[in-house]
1. Which of rounded, prolate or oblate describes the stretch 95-390 when judged by the alpha-carbon gyration tensor and an a/c cut-off of 1.5?
2. Listed highest first by mean packing, meaning other Cβ atoms within 10 Å per residue, what order do 289-298, 126-135, 184-193 come in?
3. Would you mind calculating the gained length between residue 306 and residue 251 on full extension (0.36 nm times residue separation, minus the Cα-Cα distance), in nm to one decimal?
4. Taking 0.36 nm per intervening residue step and subtracting the Cα-Cα distance, what contour gain separates residue 236 from residue 382 on full extension?
5. Distance in nm between label sites at residue 229 and residue 161, each 7 Å beyond Cα in the beta-carbon direction?
6. Express in whole angstrom the spacing between the alpha-carbon centres of the stretch 342-364 and the stretch 202-222.
7. Among 165-176, 371-382, 114-125, how do they line up from the highest to the lowest mean number of other beta-carbon atoms within 10 Å?
8. Take residue 295 and residue 131, extend 7 Å from each Cα along the Cα→Cβ direction, and tell me the distance between the two endpoints in nm.
């Protein structure tokens, strides 16, 4: 796009049917072989001798100093390393480079990325704690001695109230992730070029895209929810044994379609933010970039999600230990499984854990997604040439006419 360094204007990307715009070597003007162009003056016949050992023939130059007289291979000059003006080299990226690039960008711009993520997470968790304490219904207590119909009723009621209580917290967490992802995407776009970025600059670039981002997120959630309902709903409506089998089959179908949709549209957010694409255009853009690289994209996203899950497990374990110590010394009355108690110590400690996880995990996942977008454009559209030009690297011109610092 015109306003952001190194990114193409929407609709001008080669993956949208303009692959011919990528410079390619010109064809030879005189055909595929230099036939018919021999000099009229040829050496007399019978004057050629079979090749001798290197350096032993008449008129052969002695080997250059330092080469040891070994054979030389013209045209096999060592390939220079790719330029690296920022957190990644300007070439197709490997898995380790994508993960390391995300961490390096967050480390270099921690005040902007992590500071913003921390502020948003704290505000969201305060709202969640207050709602859980005063507004939302508490989960129904389960009697461990209940059996039969009563046990089934209690389990169903507990599940219903739990889902209802989690809905507002999930919505607020989604908003926090959306805001963090958009800001980190801008941070990554500047980090690739080695340019500084402040929170004011990042927010000024993100603010006009907030409503389209919300619409994009809701549309993707609607598609995933529709897949789950259409796949599992008929089996639940039928009931009985046949319905259970149908629901199980639908669950298998949903477990295939939902990840496929998620990965296919995973690059829509960077496209919407960096290319100023609309909602539907961003979805199409993501599908084109992921096409032919679905499994690679899936593997990188799954690994990054696994790393975030491990972080969450470590934090959760520490919180469980802390709550056990607090309960032992009488700091607070922590709830047991299946009870309806939500004490202040429990809400505060769990809220602190959520803040820690979201502050670190959301920016990391957003960075991986943004670098995947950059990597796919480098592979498909030679974006590295535009990035090198925007970074002002020698031999690539300057990006002052097409980029804004």
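Only the coordinates and a few stated rules stand behind these numbers; no lab work does. Please read these numbers as outputs of a predicted model, since none were measured by experiment. In this analysis, Cβ positions are derived from the backbone assuming ideal geometry, glycine residues included, and neighbour counts consider all displayed protein chains.
1. Note, shape of the stretch 95-390 comes out oblate.
2. Top of the packing list down: 184-193, 289-298, 126-135.
3. Additional length available on full extension: 17.6 nm.
4. Answer, rounded to one decimal: 47.6 nm.
5. Distance between the two pseudo-spin positions: 2.6 nm.
6. Here the two parts' Cα centres lie 25 Å apart.
7. So the peptides 165-176, 371-382, 114-125, ranked by packing, come out 371-382, 114-125, 165-176.
8. In this crude label model, residue 295 to residue 131 measures out at 4.1 nm.
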